1. Order of 39-45, 51-57 by packing, highest average Cβ count within 10 Å first?
2. So for the chain, what are the equivalent ellipsoid semi-axes in whole Å, largest first, each being the square root of 5 times an eigenvalue of the Cα gyration tensor?
3. Could you identify which residue out of VAL35, VAL23, VAL72 has the top mean-square fluctuation in a GNM of the chain using Cα springs shorter than 10 Å?
4. What residue among THR38, THR81, THR15 has the largest mean-square fluctuation in a Gaussian network model of the chain, using Cα springs under 10 Å?
5. If you build a Gaussian network model of the chain, linking Cα atoms that sit under 10 Å apart, which residue out of SER18, SER30, SER67 swings the most?
6. Spin-label point model (7 Å from Cα, Cβ direction): what's the GLU95 to THR38 distance in nm?
7. If Lys and Arg each add +1 and Asp and Glu each add -1, what is the summed charge of the other residues whose beta carbon sits under 11 Å from the beta carbon of TYR77?
8. Straight-line reach from LYS4: which lysines have Cα under 22 Å away, leaving out those fewer than 8 places along the same chain?
Amino acid sequence: MSKKTPLRQCISCGTMKSKKEMVRILKKKSGEISVDATGRENGRGAYICTESNCLMNIRRSKGLERSFKMRVNEEDYERLTKELDAIRDNKRRQENI
Ligand SMILES: [Zn+2]
């Protein structure tokens, strides 16, 4: 029996990947943007590759602005970058065990 993995499309590079390989960036009702580590928070979400430079690329191309139809300032991107780094570190650590 094959279990079908739902795929999500990266808003930066357009690649389809399983949710495990991606992070969900969330726009909360308050308008705050953050990385949704659980993937279960309410709000409008956009998926982006955990590995690779996709966050850096959408920062340059203003991809998040387009997805969320709002202004995303430099501080938001700085925070997202840090949150994504932390998630990536965590994943690496788990995979190395
Ligand atoms: Zn990507």
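1. Descending packing order for the listed peptides: 51-57, 39-45.
2. In descending order, the three semi-axes are 22, 16, 13 Å.
3. In this elastic network of the chain, the residue with the biggest mean-square fluctuation among VAL35, VAL23, VAL72 is VAL72.
4. It is THR38.
5. Comparing SER18, SER30, SER67 in the GNM, the peak value goes to SER30.
6. Between GLU95 and THR38, the simple spin-label model gives 2.5 nm.
7. -1
8. Excluding near neighbours in sequence, the set is LYS17, LYS19, LYS20.
Every read-out reported here was derived from the displayed coordinates using simple, explicitly stated rules and does not represent laboratory data. In this text, all values refer to a predicted model and were calculated from it rather than measured experimentally. Neighbour counts run over all protein chains shown; Cβ positions are idealised from the backbone, glycine included.
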